[in-house]
Structure formats: C-alpha cells, structure tokens
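*Asks:* Can you read through this structure? Questions will come right after.
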Amino acid sequence: METLKQRFLKNMHRHGNVTWDMVVPKLNDDVLKKIEWMEDTGGEPDVVFYQDALYIIDMSKESPKGRRSVCYDKASRVGRKKFPPETSALELCALHKVSLVDEPMYFYIQTLQPMDVKTSSWLLTESSVRDEEGAIFGDHRFGRTFIYHNGADSYYGARGFRTYIKL
C-alpha cells in the first residue's frame, strides 16, 4: 500500500481531483491482492481517473516484464502447433481477477505518459476480430500511439499485456 501511495503522490496528473484519502477506503484485501500481483509482475499500478471513475491501471513505461511472451487467450495458446507458451494474457487476467486494458483505455493512458516505446501490449479484442483468429495490440512510436493486429497465437519477448481494476 505504501508503494501505491508513493506512486499516487508522485503522479498527481493521473488522478484528476482525487485525493489519497478518497482512495484508501476502496483498497480492501481483495483489491490489494490484485494490486500486489500487478506490482510483482512489473505493472507499476497507479490510480487513474478515467470516464468519471477510479481505476488501478498498469502504468509501467514498458509492458510488464512478468507478463510477456504469452498468446492472447487459451484457445490461441492451445491451438499453436509449435512451442505454445505456458499461459496467455486472458488466462492470467481470469486467474488473478483483473481486466485486460482495451483500446479506448490504452489511448487514454498514453495521453498521461508514453508507454510501450520499446515493447507492445495485447489489448482486449472484439469478438469479430477474434473470430478470425486475430487479436489487437498497441505501442507508442514516433510520438503517437498505434494499434495493430496479429494472430492471437503469436507471442514475442517484447509483447505483454496491461491490466486494470475498477474501484
């Protein structure tokens, strides 16, 4: 909790008019356990005021180190013919009861600070793309945010995923 508080105080531009005293009552044991996992895997969770609500979002400069080299979801992982990774982004989200950042949230957090300038992050993908065996991911290059597509079964050492918790 102290790490979260220090990050909150250091990055006031992410929170709007929210004070730490407004956040503390929302940090129950369940939320703190999720934050601890986000922190342990390199996500640098912080409080973000987004769409009139408070969220804890991975705000690490690069895609969290402990969540890279994974396929998008279980179906894509199981369907790989060669060298499937041990898990996937959506499987880890479900296991730890966090949500995968989607495209609108990704664009928003990129306005707070450039992220994924050397890495990329899987993003929640709509079913029409997923039905075609694809998934989307984003990064920040050349001073702007880009969204791309790839086969959902692909995985790279520089691609991970970002998560959030709605408070």
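*Asks:* Could you tell me how many of the residues in segment 134-152 are out of contact with any strand residue (DSSP E or B) (no Cβ under 6 Å at 6 or more places or on another chain) and not in a strand (DSSP E or B)?
*Replies:* 2
*Asks:* Any chance you could count how many residues in segment 51-84 are under 19 Å from the mean Cα position of the chain (by Cα), surrounded by 14 or more Cβ atoms within 10 Å (Cβ to Cβ) and among the hydrophobic types (A, V, I, L, M, F, W, C)?
*Replies:* Total satisfying the criteria: 6.
*Asks:* Is it the case that segment 86-98 has a residue that's open to solvent by 50 Å² or more (accessible area, probe 1.4 Å), of a type in the set (Lys, Arg) and under 18 Å from His149 (Cβ atoms)?
*Replies:* At the first step, the residues of segment 86-98 found to be open to solvent by 50 Å² or more (accessible area, probe 1.4 Å) are 86, 90, 94-97.
Then drop every residue that is not of a type in the set (Lys, Arg), which leaves 97.
Checking the rest, the ones that are also under 18 Å from His149 (Cβ atoms) come to none.
Scanning segment 86-98 turns up no residue that is open to solvent by 50 Å² or more (accessible area, probe 1.4 Å), of a type in the set (Lys, Arg) and under 18 Å from His149 (Cβ atoms).
*Asks:* Let me ask something additional. Pull up segment 118-138, narrow it to residues that are open to solvent by 50 Å² or more (accessible area, probe 1.4 Å) and without any contact (Cβ under 8 Å) to a residue 24 or more places away in the chain, then point me to the one that is nearest to Met105 (Cα to Cα).
*Replies:* Filtering first and then ranking leaves Glu126.
*Asks:* Still on this structure, I have one more. Just to be sure I understand the filter: pairs with C-beta atoms under 6 Å, separated by 6 or more residues or on different chains, first member in segment 15-31 and under 13 Å from Asp46 (Cβ atoms) and touching a residue at least 60 places away in the same chain (Cβ under 8 Å), second member of a type outside the set (Phe, Trp, Tyr) and open to solvent by less than 90 Å² (accessible area, probe 1.4 Å). Which pairs pass?
*Replies:* Every condition considered, the pairs that remain are Val23/Val47.
*Asks:* Next up: Give me a count of the residues in segment 13-50 that are under 20 Å from the mean Cα position of the chain (by Cα), modelled with pLDDT under 95 and open to solvent by 80 Å² or more (accessible area, probe 1.4 Å).
*Replies:* 1
*Asks:* Suppose the filter is open to solvent by 60 Å² or more (accessible area, probe 1.4 Å) and in a strand (DSSP E or B); does Tyr156 pass it?
*Replies:* Values: open to solvent by 60 Å² or more (accessible area, probe 1.4 Å): yes; in a strand (DSSP E or B): no.
No.
*Asks:* Working carefully through the options Met105, Met115, find the one that is surrounded by 15 or more Cβ atoms within 10 Å (Cβ to Cβ), hydrophobic (A, V, I, L, M, F, W, C), assigned to a loop (DSSP other than H, G, I, E, B) and at pLDDT 95 or above.
*Replies:* On the way: Met105 fails: assigned to a loop (DSSP other than H, G, I, E, B).
On inspection, the qualifying residue turns out to be Met115.
The values are calculated or read from the model by the stated rules, or taken from the named source; none is laboratory data. Just so you know, these numbers come straight off a predicted model, no measurement behind them. For neighbour counting, all protein chains shown are included, and Cβ atoms are generated from backbone atoms with ideal geometry for every residue, glycine included. For accessibility, only protein heavy atoms count, side chains too; no ligands or nucleic acids. Shrake-Rupley method; radii C 1.70, N 1.55, O 1.52, S 1.80 Å.
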